[in-house]
Amino acid sequence: MSLKGAGYIVGAYEHPTRRATDKSVALLHTECAKGALEDAGLTKDDIDGYFCAGDAPGLGPLSMVDYMNLRCRHVDSTDVGGSSYQVAVGHALESIAAGRCSIALITLAGRPRSEGMATGTATRAGNVAQPDVQFEYPYGPTVVNMYAMCAARHMYEYGTTSEQLAWIKVAASHHAQHNPHAMLRDVVTVEDVVKSPMVSTPLHRLDCCVISDGGGALIVAKPEIAKSLKRPLVKVIGVGEGPKGQMGGDVDLTYSGARWSGPPAWEMSGVKPSDIKYASIYDSFTITVLMQLEDLGFCEKGQGGKFVSDGNLISGVGKLPFNTDGGGLCSNHPANRGGITKIIEAVRQLRGEAHPSVQVKNCNLALAHGTGGSLGTRHCGSTVILERE
Amino acid sequence: MAYVQRKISFAGAPDTNPETKPFWDACAAGKFLIRRCTSCKKAHWYPRGLCPFCFGTCAWEEGSGKGKIYSLSVMKRAEVPFAMAYVELAEGPKMMTNIVDCDLDALKIGQDVKLKFVPTEGGPPVPMFTPV
Ligand SMILES: [Zn+2]
């Protein structure tokens, strides 16, 4: 049975904070849940399914269901890093289709900025029982040098340049100038990006996303409920997930899990990349965006550099408006996990509720893609395709 | 610029994981082991009890210590800059490692490298590589 249309996104909320020194992580999750319920026109007691991931404090759904005092028939805490929330939408569709819940709440929140976390540049050992740790930790893997190795290999194989990568940040900054909540609102140029300090070759400081506190929430509901609410109808028509690792040593850094999460989502939806009017593409780094665009089929493998150049991702200028809220590169990367904000901006676009300066005309089809974990080692690609009904 | 070696920390101890203790014991004795499947005959990385290609049983063998740089990133924003890399071993698999004892800015993808053990704090030396 196809999951196409089994659920609708009826509520979406992004927390406006980018620095939350005065709030706990649990409170941030709950403020996001409250915001999404108000957006949907539902109340707390309507929720019967709850989805969270590794950013939820304590024992995941148990701690949060207790803190928020929910009564759920179904919980899920699949953790695939920043791509968990696209996966949660897919799993919510499955559980709705199976009759295990009718109204699913998905939350994300965290405060790496308040906690002074050196997100991208510090090596963390993690749990030494994790089978890869002893073979990686001594070598100093950081978030940024792992993504940087993907960029270096892409440049080597396809001739991609730092200037081409810079266009991705330039496009994000053009959008962020209109977002009052964005952390970085100054429009930048290609030159600004390539002249910013080198963090880990070939990635510069402006190739990296922001570190922010905050969060977001989504409500996914079954069709009958969605149609009884007063909000525009945003139907989920395609979902896919694809974890990718080092493949036993056959490491291939030139493509991401999007190569595996995209095809099932496209097939379910019945639409193709050229039909998409707006795309939210996970942007932990500029290279992340470029590789996902190729892997999702928006352009040929190796042609991503050309595709993103000359403002092609800028709303009103190029062919594929992306991350019109400013994305993780300029606006927000709450809990170091950008998956949920990708879906939220796609919902805004489909409802016609994006900022007027970046709103895509007649936006009826959108895609929101996540990449969680580390692109250079083990990560998950997760794809959601949405239609305005 | 003269090469400066950053301090390397080991994670846990060799016997943290009984599956790979022989590997670290060999490192302590100056030997670089790789793991090969007795069924499909493929070598893999990082070492596992069962083959990640066919779940066949595996045996240790001494690696040649030869390889070439598959990808590379010089971490500039670190107390002591260092070269993170994946090296494609002559035996096939690609392993995460560092390229040491060299001009970091002159390193290139595709370059031939050879094994060099680098001491750690709290554990056996770890296999790294240096240009041939
Ligand atoms: Zn085998």
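The values are calculated or read from the model by the stated rules, or taken from the named source; none is laboratory data. Every value quoted in this text rests on a predicted model; they were computed, and no experiment measured them. Every residue, glycine as well, gets a Cβ built from its backbone with ideal geometry; the counts of neighbours run over all protein chains shown. With ligands, DNA and RNA removed, areas are computed over all heavy atoms of the protein, side chains included. Shrake-Rupley method; radii C 1.70, N 1.55, O 1.52, S 1.80 Å.
Go over the candidates B:G49, B:G92, B:G67, B:G110 one by one and state the one that is small (G, A, S), within 20 Å of A:R153 (Cβ to Cβ) and within 16 Å of the ligand (Cβ to nearest atom).
B:G92
Answer yes or no as to whether B:P93 is open to solvent by 20 Å² or more (accessible area, probe 1.4 Å) and on the phi < 0 side of the Ramachandran plot.
Answer is no for this residue.
Looking only at the stretch B:63-121, which residues are in a loop (DSSP other than H, G, I, E, B) and at the interface with chain A (Cβ under 8 Å from one of its Cβ atoms)?
B:K76, B:R77, B:A78, B:G92, B:P93, B:I109, B:G110, B:T120
Across the stretch A:134-153, what is the number of residues that are out of contact with any Leu (no Cβ under 7 Å at 6 or more places or on another chain), open to solvent by 10 Å² or more (accessible area, probe 1.4 Å) and part of a helix (DSSP H, G or I)?
Summing the residues that are out of contact with any Leu (no Cβ under 7 Å at 6 or more places or on another chain), open to solvent by 10 Å² or more (accessible area, probe 1.4 Å) and part of a helix (DSSP H, G or I) in the stretch A:134-153 gives 2.
Mind checking whether some residue in the stretch A:171-186 is more than 13 Å from chain B (Cβ to nearest Cβ), in a helix (DSSP H, G or I) and of a type outside the set (G, A, S)?
Yes: one or more hits.
Does A:E163 meet the test of being open to solvent by 10 Å² or more (accessible area, probe 1.4 Å), acidic (D, E), modelled with pLDDT of 95 or more and closer than 30 Å to B:C27 by Cα?
When the stated conditions are applied, A:E163 does not pass them.
Restricting attention to the stretch A:55-65, report how many residues are small (G, A, S) and surrounded by fewer than 18 Cβ atoms within 10 Å (Cβ to Cβ).
So the answer is 2.
Hand me the list of strands (runs of 3 or more DSSP E) wholly inside the stretch A:200-292 holding 2 or more residues that are closer than 30 Å to B:E88 by Cβ and in contact (Cβ under 8 Å) with a residue 24 or more places away in the chain.
Because the criterion is at least 2 residues that are closer than 30 Å to B:E88 by Cβ and in contact (Cβ under 8 Å) with a residue 24 or more places away in the chain, the strands (runs of 3 or more DSSP E) in the stretch A:200-292 that meet it are A:234-244.
Specify the residue that is most open to solvent (accessible area, probe 1.4 Å); the eligible residues are those in the stretch B:1-59 that are of a type in the set (S, T, Y), within 12 Å of another protein chain (Cβ to nearest Cβ) and part of a loop (DSSP other than H, G, I, E, B).
Within the stretch B:1-59, the match that is most open to solvent (accessible area, probe 1.4 Å) is B:Y46.
Does B:A59 qualify as being among the aliphatic types (A, V, I, L, M) and modelled with pLDDT of 95 or more?
Against the criterion (among the aliphatic types (A, V, I, L, M) and modelled with pLDDT of 95 or more), B:A59 qualifies.
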